[in-house]
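K.L.:
Structure below; questions to follow.
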Amino acid sequence: MRIRVLGAAAGGGFPQWNCNCPNCDGLRKGTVRAQARTQSSIAVSGNEVDWVLFNASPDILQQIRGFPALQPARSLRDTGIRSVILMDGQIDHTTGLLMLREGKPLELFCTDMVHEDMTTGNPLFNILGHYCGVNWHPLPTAAGSKFEVPGGEHLSFTAVPLKSKAPPYSPHRENPHEGDNIGMRITDTRTGKNVFYAPGLGEIEPHLKPFLEQADCVMVDGTFWTDDEMVRLGISKKHARDIGHLPQSGPGGMIDVLDPLRASRKILIHINNTNPILNEDSTERAELARHRIEVAFDGMDITL
Ligand code: MLT
Ligand code: MN
Ligand code: ZN
């Protein structure tokens with residue numbers, strides 16, 4: 001299977017349009033060694049022709065321009081994107097759907113909970129009904145339920161519910177439901193190799209452990225380095241854990257979670273623009289390197 005990182009940043013992207021944090025300011029001025037990143041999305045293919053899009057980022061048009069495999073090649077109106085899977089109903093993972101409105105009905109997989117958000121608080125499915133339309137496939141989260149998707153040749157998918165956070169506009173923002181956020185095991189049925197993808201991951205619950213332990217590659221929540229990162233910068237009153245993201249540093253943080261895993265690739269994705277790991281010369285980035293943890297970037301291409 002091939003995995004292409006279309007966008008490695010969290011909501012807002014890097015640099016964020018209105019942000020003067022040390023990273024965003026330093027990137028604009030050229031004083032910080034770092035790479036710009038668009039908002040969170042990956043594409044996965046089992047045959048190098050048909051692609052499954054995970055999340056539809058507000059930056060999707062730029063992402064498609066940067067990745068010819070998704071561009072029209074077969075007929076007058078066309079795309080390599082055959083199915084779309086949503087990991088949650090957040091703005092950075094969904095609003096790009098509107099940019100796909102000129103195409104065929106979207107073969108779209110998400111949980112009942114995300115479907116509720118997308119027809120109420122963030123009613124993109126209703127809006128798209130006036131354009132291409134959405135062919136919604138309820139995404140199963142019951143333990144071990146595998147599913148397949150159009151264009152997912154040689155690929156099998158297993159979703160796992162996890163604790164992160166429903167979006168602010170969700171009718172049940174403060175009342176978490178199973179399926180608000182998911183992680184996904186994607187298996188290549190020819191080789192048996194699998195990647196575990198979870199761009200929003202707030203807590204390592206026991207049922208997640210086998211997914212992490214059995215993965216050949218993990219791509220997980222890299223939003224924040226510390227729980228109080230945005231508070232310390234004076235940007236927000238919210239802590240990482242309040243908005244459903246496990247920070248990397250400290251006891252029980254993501255580094256501790258990743259250290260014992262056998263996966264040959266351990267990759268952080270969905271990185272907030274405030275996170276010091278974006279600075280390639282930072283001590284935090286060096287610490288990740290010592291733990292053999294990689295930082296995803298736009299255009300990162302993984303063959304598994
Ligand atoms: C999140 O996952 O918490 C988001 O990136 C927040 C946002 O998009 O504003
Ligand atoms: Mn996000
Ligand atoms: Zn910033």
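The values are calculated or read from the model by the stated rules, or taken from the named source; none is laboratory data. These numbers were taken from a predicted model, which means no experiment stands behind them. All Cβ positions, even for glycine, are placed from backbone atoms using ideal geometry, and neighbour counts span all protein chains on display. Just the protein is used for accessible areas: all its heavy atoms, side chains included, with ligands, DNA and RNA removed. Shrake-Rupley method; radii C 1.70, N 1.55, O 1.52, S 1.80 Å.
K.L.:
Restricting the search to the stretch 94-148, which residues are closer than 24 Å to residue 46 by Cβ and of a type in the set (S, T, N, Q)?
P.N.:
111, 135, 141, 145, listed by residue number.
K.L.:
Still on this structure: Could you go through the stretch 12-32 and let me know if any residue there is within 27 Å of residue 125 (Cα to Cα) and within 17 Å of the chain's Cα centre (by Cα).
P.N.:
yes
K.L.:
If you don't mind, another one. Can you report the number of residues in the stretch 126-136 which are open to solvent by less than 50 Å² (accessible area, probe 1.4 Å) and either closer than 12 Å to residue 107 by Cα or in contact with a Phe, Trp or Tyr (Cβ under 7 Å, 6 or more places away or on another chain) (or both)?
P.N.:
Counting residues in the stretch 126-136 that are open to solvent by less than 50 Å² (accessible area, probe 1.4 Å) and either closer than 12 Å to residue 107 by Cα or in contact with a Phe, Trp or Tyr (Cβ under 7 Å, 6 or more places away or on another chain) (or both) gives 3.
K.L.:
Let me ask something else about it. Regarding the stretch 171-191, can at least one residue be identified that is surrounded by fewer than 21 Cβ atoms within 10 Å (Cβ to Cβ), among the acidic types (Asp, Glu), in contact with a Pro (Cβ under 7 Å, 6 or more places away or on another chain) and in a loop (DSSP other than H, G, I, E, B)?
P.N.:
yes
K.L.:
Return yes or no: is residue 166 within 20 Å of residue 112 (Cβ to Cβ), part of a loop (DSSP other than H, G, I, E, B) and not basic (Lys, Arg)?
P.N.:
Yes, satisfied.
K.L.:
Limited to the stretch 46-65, what total is found for residues that are touching a strand residue (DSSP E or B) at 6+ places or on another chain (Cβ under 8 Å) and farther than 18 Å from residue 86 by Cβ?
P.N.:
3
K.L.:
Please pick out the residue among 31, 79 that is part of a loop (DSSP other than H, G, I, E, B), of a type in the set (Val, Ile, Thr) and touching a residue at least 12 places away in the same chain (Cβ under 8 Å).
P.N.:
When all the criteria are applied, what remains is 79.
K.L.:
Any residue at all in the stretch 20-28 that is open to solvent by less than 30 Å² (accessible area, probe 1.4 Å) and more than 16 Å from ligand 1 (Cβ to nearest atom)?
P.N.:
Looking through the stretch 20-28, at least one residue is open to solvent by less than 30 Å² (accessible area, probe 1.4 Å) and more than 16 Å from ligand 1 (Cβ to nearest atom).
K.L.:
Which ones in the stretch 280-304 are of a type in the set (S, T, N, Q), surrounded by fewer than 18 Cβ atoms within 10 Å (Cβ to Cβ) and over 30 Å from residue 188 (Cα atoms)?
P.N.:
283
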